[in-house]
1. For Q122 and Y162, what is the calculated FRET efficiency with R₀ set at 25 Å and r taken between the beta-carbons, to the nearest 0.05?
2. Which three semi-axes in whole Å describe the equivalent ellipsoid of region 35-166, each the square root of 5 times a Cα gyration tensor eigenvalue, listed largest first?
3. At 1.4 Å probe size, with every protein chain present, just tell me what the per residue accessible area of region 25-166 comes to in Å².
4. Which value, in Å² and to the nearest 10, is the accessible area of F132 when all protein chains are kept and the probe is 1.4 Å?
5. Sorting T43, T91, T68, T158 by accessible area (1.4 Å probe), largest first, what list results?
6. V93 versus Y110, label points 7 Å from Cα toward the beta carbon: distance in nm?
7. Simple spin-label model, 7 Å along Cα-to-Cβ: K101 to R70 in nm?
8. May I ask you to rank W131, W117 by accessible area, largest first, using a 1.4 Å probe over the protein chains only?
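The values are calculated or read from the model by the stated rules, or taken from the named source; none is laboratory data. A quick note: this is a predicted structure, and the numbers were derived from the prediction, not measured. All Cβ positions, even for glycine, are placed from backbone atoms using ideal geometry, and neighbour counts span all protein chains on display. With ligands, DNA and RNA removed, areas are computed over all heavy atoms of the protein, side chains included. Shrake-Rupley method; radii C 1.70, N 1.55, O 1.52, S 1.80 Å.
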Amino acid sequence: MNARRRLVCASLACSALAACGSAAAVTPHLPSRILPQSIDSYTVREDVGARSEFAVDRTQVSEGRLYTMRAGGAVYAALQVATLRAGLDTTDVDVQQDIRKQIGSGSFRYYKVAGQWVGDQQRADVHLFVWFPDNSAGVFEVLTVSNQLNDPVSFVGTLIHYEEGG
């Protein structure tokens, strides 16, 4: 399966979420800072056409963005940032578990990166990371990283620092 097809499949998985949970106090919004135009040696590009893939009726995702990080024309990483519909709370452990179950195999190991709890799933071809930003209620992020990328955990830390204004 090529990298583009994996990214589209991952995007569709995020938009097809059927999570349930408690009511959130605010309507979720995408973070104001997601990614710079380049990060490390990778050029960042938003796949604007993917926006409609996130806004699918009968799902719990209301809005999302898909970004690719490229070098030499090849995709090395893809970041999906999505908001849940009003009434769902990403601080609710059940909501978080429902989301993670639908990403990859659903089995993650957890540790802190840049002060943020991150789920990490290493697969044969990619690393999958998922987190629920502390400063963005109702938002979750999924990062797919090629195993060719050096030090994917540090890469996640760089993304989190940028988004938080660092």
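1. 0.60
2. Here the semi-axes work out to 22, 17, 15 Å.
3. Here the residues of region 25-166 average 48 Å² of exposed surface.
4. 20 Å²
5. Numbers: T43 80, T91 100, T68 5, T158 50 Å².
These residues rank, largest area first, as T91, T43, T158, T68.
6. 0.8 nm
7. 3.7 nm
8. Numbers: W131 5, W117 150 Å².
The residues order as W117, W131, largest area first.
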